[in-house]
1. Could you give each residue of segment 30-43 its phi-based ³J(HN,Hα) in whole Hz, using Karplus coefficients 6.51, -1.76, 1.60 with θ = phi - 60°, and x for Gly or Pro?
2. Could you please report the charge total around E126, scoring K, R as +1 and D, E as -1 over all other residues with beta-carbon less than 14 angstrom from its beta-carbon?
3. For the pair F79 and N127, what calculated FRET efficiency results from E = 1/(1 + (r/R0)^6), where r is the Cβ-Cβ distance and R0 = 30 Å, to the nearest 0.05?
4. Quick one: if the Förster radius is 22 Å, what FRET efficiency do A114 and S20 give, using the C-beta to C-beta distance and rounding to 0.05?
5. Which order do peptides 24-37, 84-97 fall in by mean Cβ count within 10 Å, highest first?
6. At 7 Å along the Cα-to-beta-carbon direction for both W89 and D57, put a label point, then send me their distance in nm to one decimal.
7. Taking K and R as +1 and D and E as -1, what net charge do the other residues with C-beta under 13 Å from the C-beta of T36 add up to?
8. First check a/c for the chain, with a ≥ b ≥ c the square roots of the eigenvalues of its C-alpha gyration tensor; if it is under 1.5, answer rounded, and if not, answer prolate when a/b is larger than b/c or oblate otherwise.
Amino acid sequence: MYGASLGAGLAALAFWGFVSICVLAGIWDSARKRETRHETIRRVIESGQEIDSEMLDKLLGGGMKTDQALMLGGLVCLFLAPGLAVFGWLIGLQWEPAFLPILGSAVLIALVAAGLIVAARMLRQENPAPSVRLK
């Protein structure tokens with residue numbers, strides 16, 4: 001493995017094991033939340049109560065709207081890109097060939113951010129909030 005020691009291999013294995021556990025825990029948590037929502041709806045229906053559409057949306061929707069999620073992702077990427085460029089510059093001070101590839105990654109992330117923000121604005125224009133009126 002290109003001169004890497006056993007310790008480096010075990011560290012890599014531990015890292016990816018941790019990442020796998022985090023991903024599986026997230027999947028399990030979201031499945032449990034979905035089960036709980038469905039159980040709540042089932043109990044309300046069994047008790048004979050009416051479920052209005054607002055309550056149903058609140059129970060089943062459970063999250064941000066698509067345009068909000070896209071805008072949040074775009075803003076995170078937008079602030080990540082200059083940080084990555086500065087990181088590339090600092091690494092480039094020690095090892096010059098690393099600067100341009102890291103700078104290219106920063107530009108790519110900035111373009112992804114721009115795309116996410118544009119997509120969020122397009123969705124917001126197509127489906128404006130009920131209280132917002134376009135002039």
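1. Karplus values, whole Hz, x for Gly and Pro: 5, 5, 5, 5, 5, 4, 5, 4, 5, 5, 4, 5, 4, 5.
2. For residues surrounding E126, the net value is +2.
3. So, using R0 = 30 Å, E works out to roughly 0.70.
4. 0.10
5. Values: 24-37: 10.7, 84-97: 13.1.
Put in order of decreasing packing, that is 84-97, 24-37.
6. Between W89 and D57, the simple spin-label model gives 4.6 nm.
7. Local charge sum for T36: +3.
8. Oblate shape, in that a/c is at least 1.5 and b/c is the bigger or equal ratio.
Laboratory data are not the source of any read-out in this text; all were calculated from the coordinates shown. The structure displayed is predicted, hence computed values, not measured ones. We place every Cβ from the backbone using ideal geometry, glycine too, and count neighbours over all the protein chains shown.
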